[in-house]
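The structure under discussion appears below in the form of C-alpha cells.
Values in this text are rule-based calculations from the coordinates and carry no lab data. Being a predicted model, the structure only gives us computed values, none of them experimental. Here Cβ is always computed from backbone atoms with ideal geometry, including for glycine, and neighbour counts include all displayed protein chains.
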Amino acid sequence: MEVLLAKALWARGLRYRKNVKGVFGRPDLTLKRHRLAIFVDGEFFHGKDWDTSKFIIKSRREFWWKKIEGNIERDRIVNKRLKEQGWKVLRFWSNDIRKNLDFCVETIERHISQQPDNA
C-alpha cells in the first residue's frame, strides 16, 4: 500500500524520499522540506485494535503477542522522538489507503498547507 500512496502523492506534485536512513525510525515516506514523516502500517504487525484483535491469534500466541506489542511500543517511541525533533508524523493503516486513498492524500496535503512556512 505504500507504493499506492507514494504514486498518488507524486501525481499531485508532492516529492518525497523513501526509507531515509538519516531520519529516526526510517519513515516509509519523508517530505523533508515539510518535515513530514509518513508511515504505512500493516494492521496485523502494528496491532490495529490490539485490545480486541489479539485474541484472534490462535497459534504461537506468546510469540506474536510479544512481537506485535513490541512493534506498538517501538511506533510510540518513534513518534515521540520525531515530534521532539520537529517532525510531523502521520500514520496510515494499509486498509485505509486501499479503501480511501484520496482521503489519505488529502490528509497529507492538509497538514502541509497548515504549516506556517507555506501560508
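Over the Cα atoms of region 2-118, what is the Rg over Rh ratio if Rh follows Kirkwood? Don't skip to the end; give the middle numbers.
Values: Rg = 15.4 Å, Rh = 15.3 Å.
My calculation puts Rg/Rh at 1.01.
Helix content alone sets the calculated 222 nm mean residue ellipticity of the chain: runs of n ≥ 4 DSSP H residues at -39500 (n - 2.57) each, divided across all residues, give -14500 deg cm²/dmol.
What is the dipole size for region 57-119, taken about its Cα centre, with +1 at each Lys and Arg Cβ and -1 at each Asp and Glu Cβ, in debye to the nearest 20?
Values: 15 positive and 10 negative charges, 107 e Å.
My answer is approximately 520 debye.
Can you tell me the relative contact order of the chain? Whole percent, Cα pairs under 8 Å, sequence separation 6 or more. Don't skip to the answer; put the middle values down first.
On the way: 119 pairs, mean separation 35.4, N = 119.
This gives 30 percent for the chain.
Taking 0.36 nm per intervening residue step and subtracting the Cα-Cα distance, what contour gain separates Arg26 from Ala11 on full extension? Let's see the in-between values first.
Numbers: separation 15, 0.36 × 15 = 5.40 nm, distance 2.29 nm.
Full extension of this stretch gives 3.1 nm more.
Neighbouring Cβ atoms within 10 Å as the yardstick, rank Thr107, Thr30 fewest first.
Working: Thr107 15, Thr30 21.
In increasing order of surrounding Cβ atoms, one gets Thr107, Thr30.
Using the Cα centre of the chain as the reference point, and only Cβ charges (+1 on K/R, -1 on D/E), how large is the resulting charge dipole? Debye, rounded to the nearest 20.
Numbers: 27 positive and 16 negative charges, 94 e Å.
Around 460 debye, computed over the chain.
Here the Karplus curve 6.51 cos²θ - 1.76 cosθ + 1.60, taken at θ = phi - 60°, turns the phi angles of region 30-38 into couplings of 10, 10, 4, 4, 9, 6, 10, 10, 10 Hz, with x standing for Gly and Pro.
Each residue of region 39-45 is assigned a 3J(HN,Hα), and the resulting list reads 10, 10, 9, x, 4, 5, 6 Hz, derived from the Karplus form 6.51 cos²θ - 1.76 cosθ + 1.60 (θ = phi - 60°), x at Gly and Pro.
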